[in-house]
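The structure under discussion appears below in the form of structure tokens.
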Amino acid sequence: MKKSFLFLLLSFAWVGCVRNARSEKGVLTAALLESFRAEEALLPKDSAFLHRDLYDVLLDSAAAATLDTSCTFRVPTRGITDQMRSGRCWLFSTLNLFRSGVIFDQDLDDFEFSETYGQLYDILEKSNRWMEDVIKYRRQPLSSRRNNYLFKKPIGDGGHFVNAALVLSKYGIVPQEVMPERFSSTDNARMMRLVLTLLRKYGMELRRAPANRIQATKEAGLKEIYHLLTQTLGTPPQAFSWRGQTYTPLSFRERFIPGDLQLDYVMLMNDPTRPYYKMYEVEHSRNCYEGDNWTFLNLPVEELEDLGIASLKDSVMFYFSCDTYHGDESAAGKYSDDLRDFSGRLGVDISMTKKDMVASGEIYSVHAMAMAGVKLDAGGKPVRWVAENSYGAERGFGGFIVMDAPWFRTYLFRMVVEKRFLSDKLLEITRAKPKKIPAWNLNY
């Protein structure tokens, strides 16, 4: 009896030691915290960080104010667009590639395509594609990864060049004065919230509907969404008159946006987490159900730079997207990692490789713009880039921004150029079967 009691006591003691060892290993201990305090006491302090936004304190005002906008190659244009409080940068930047062509063809002081028109059809097409996905996976549990992804955020107002190309090819486009901006096109959060509510409502009905009621249920949902969109954005015109000519949206697009946006252009990417010189396809990335998903050719950033220079040298603007949350002084229109000294002034080292930043989600594609110019050094390498933004003429220098070359290499993600600028070798790669990337991937 005594031996059993002694064994029990020793067992409890052993378990307690194991638990303490485990907790000491993973816990922020008092000793470790005290070592932090001792080292922190020796470091210099700046009281400005206690009373002001730390990014404002770190900003080198002289560097931000120095703004050289001269270019070796610059595509001329007039006017500036403003997406306001909406996520339509991808649509604005795509249409901005072609604005100057209309301006100079028609000798106008300014011109803008109707982003509201494209926005309406993009939302309607995304809603249709989403419902088809719900139908496809309706026999899987709602808790499955696929359905969790679908219902968490059915659709958004964000997108990319391929979405714009599909909508323009199917529905055409109109001038902005034919279908102007509305409150819910420029500040669309609440409108989009109602769209998501309707999608989830009809998504659940589609999961319960018998086979012979699926199509009718989907059409009922789309009809309500179309009604909501026309109520808040306006009714898309079937035909219209502009400068003495009668057009349909498709004939207007054919007249002023020449070529085939799906066949004549190629999406490029700099993703250092994936092998270069390969094609990739992002699942569920299209807006039109019958269209193709977004595919891209992954290239080293130096090759993207060369292709961008070739396009601007030929007086052709190109579409691109970057992570504009880093190294920015957006009000002044300058992007550079030299604007703030995090290590020397704040005492923290935030340096990471681009590969690690992409893999961890530290950086991702945030904002799309139309590239208008580039400054080259004596060796033909880029020093800075000048882009046409879509946040009005009050931001940046008249609506444009300047990015130094190191910043552009670090934060560039997507680029779209005409295929004619690619070498035969790269064109051959674009014809290869792409590797599929899941829709829930961190960066796509």
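Every number here is computed from the coordinates shown, using simple stated rules; none is lab data. From a predicted model like this one, the values you see are computed outputs, not experimental measurements. Every residue, glycine among them, receives a Cβ derived from its backbone with ideal geometry; neighbour counts consider all protein chains shown.
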Q) With a 10 Å Cβ neighbour count serving as the proxy for reagent exposure, in which order, fewest first, do I350, I225, I103 appear? A) I350, I103, I225
Q) For W294, which sequence-distant residues (separation of 5 or more, or a different chain) have an amide H within less than 5 Å of its own amide H, given hydrogens modelled in the peptide plane? A) V282, S285, R286
Q. With θ set to phi - 60° and the Karplus curve 6.51 cos²θ - 1.76 cosθ + 1.60, what are the ³J(HN,Hα) couplings of region 379-396 in order, to the nearest whole Hz, using x for Gly and Pro?
A. x, x, 9, x, 9, 7, 10, 10, 10, 7, 8, 10, 10, x, 7, 7, 9, x
Q.
Could you compute the net charge surrounding D110? Neighbours are other residues with a C-beta less than 10 Å from the C-beta of D110; K and R count +1, D and E count -1.
A. 0
(Q) Can you list residues from other chains, or at least 5 along the same chain, whose modelled amide H is less than 5 Å from the amide H of Y391? (A) Q83
Q. Which value does Rg/Rh take for region 363-444 over its C-alpha atoms, Rh per Kirkwood?
A. 1.03
Q | Within straight-line cross-link reach of K152, aspartates and glutamates at Cα separation under 20 Å, skipping those fewer than 8 residues along the same chain | A | D122, E125, E132, D133, E205, E283
Q. Which far-off residues, 5 or more places away or on another chain, put their amide H under 5 Å from the one on A332, with H placed in the peptide plane?
A. G396
Q: Set Lys and Arg Cβ to +1 and Asp and Glu Cβ to -1, take the dipole of region 336-419 about its Cα centre, and tell me which of Y364, S343, F413 lies farthest positive.
A: F413
Q. By average Cβ neighbour count within 10 Å, what is the ranking of 104-114, 204-214 from highest down?
A. 104-114, 204-214
Q) Which residue, M269, M191, M369, has the most motion in a Gaussian network model of the chain that connects Cα atoms within less than 10 Å? A) M191
(Q) If the only charges are +1 at each Lys and Arg Cβ and -1 at each Asp and Glu Cβ, what is the size of the charge dipole of region 86-257 around the Cα centre, to the nearest 20 debye? (A) 1520 debye
Q: For K170, list the lysines whose Cα falls under 28 Å from its own Cα; do not include residues on the same chain fewer than 8 positions away.
A: K126, K136, K153, K201, K218, K223, K419, K433, K435, K436
Q) Which net charge results when you count Lys and Arg as +1 and Asp and Glu as -1 among the other residues whose beta-carbon is under 10 Å from that of R138? A) +3
Q: List the extent of the Cα atoms of region 86-257 along each of their three principal axes, largest first, rounded to whole Å.
A: 58, 27, 26
Q. Using every alpha carbon pair in region 247-389, what percent of pairs falls into each 5 Å bin from 0 up to the bin containing the largest distance?
A. 2, 7, 12, 18, 20, 17, 12, 7, 4, 2, 1, 0, 0
Q) Taking the mean number of other Cβ atoms within 10 Å as a proxy for protection, how do you rank 37-43, 69-75, 318-324, 304-310 from highest to lowest? A) 318-324, 304-310, 69-75, 37-43
Q: Can you check how the C-alpha radius of gyration of the chain compares to 2.2 N^0.38 Å, as a plain ratio?
A: 1.20
Q. Can you give me the relative contact order of region 224-344 as a percent, contacts being Cα pairs under 8 Å and 6 or more apart?
A. 14 percent
Q. What number in nm² do you get for region 192-239 if you take the convex hull of its Cα atoms and divide its surface by four?
A. 3.9 nm²
Q: Over every pair of different alpha-carbon atoms in region 38-155, take the mean of 1/r and invert it; report that Kirkwood radius in Å.
A: 20.4 Å
**Q.** Reachable lysines, given that their alpha-carbon falls under 28 Å from the alpha-carbon of K334 and they are not under 8 places away in the same chain
**A.** K313, K354, K355, K375, K381
Q.
Tell me which of L150, L108, Q119 sits at the most positive position along the dipole axis of region 86-257, charges placed on C-beta atoms (Lys, Arg +1; Asp, Glu -1).
A. L150
Q) Taking the Cα centre of the chain as the origin, how large is its charge dipole in debye, to the nearest 20, when only Lys and Arg (+1) and Asp and Glu (-1) carry charge on their Cβ atoms? A) 2780 debye
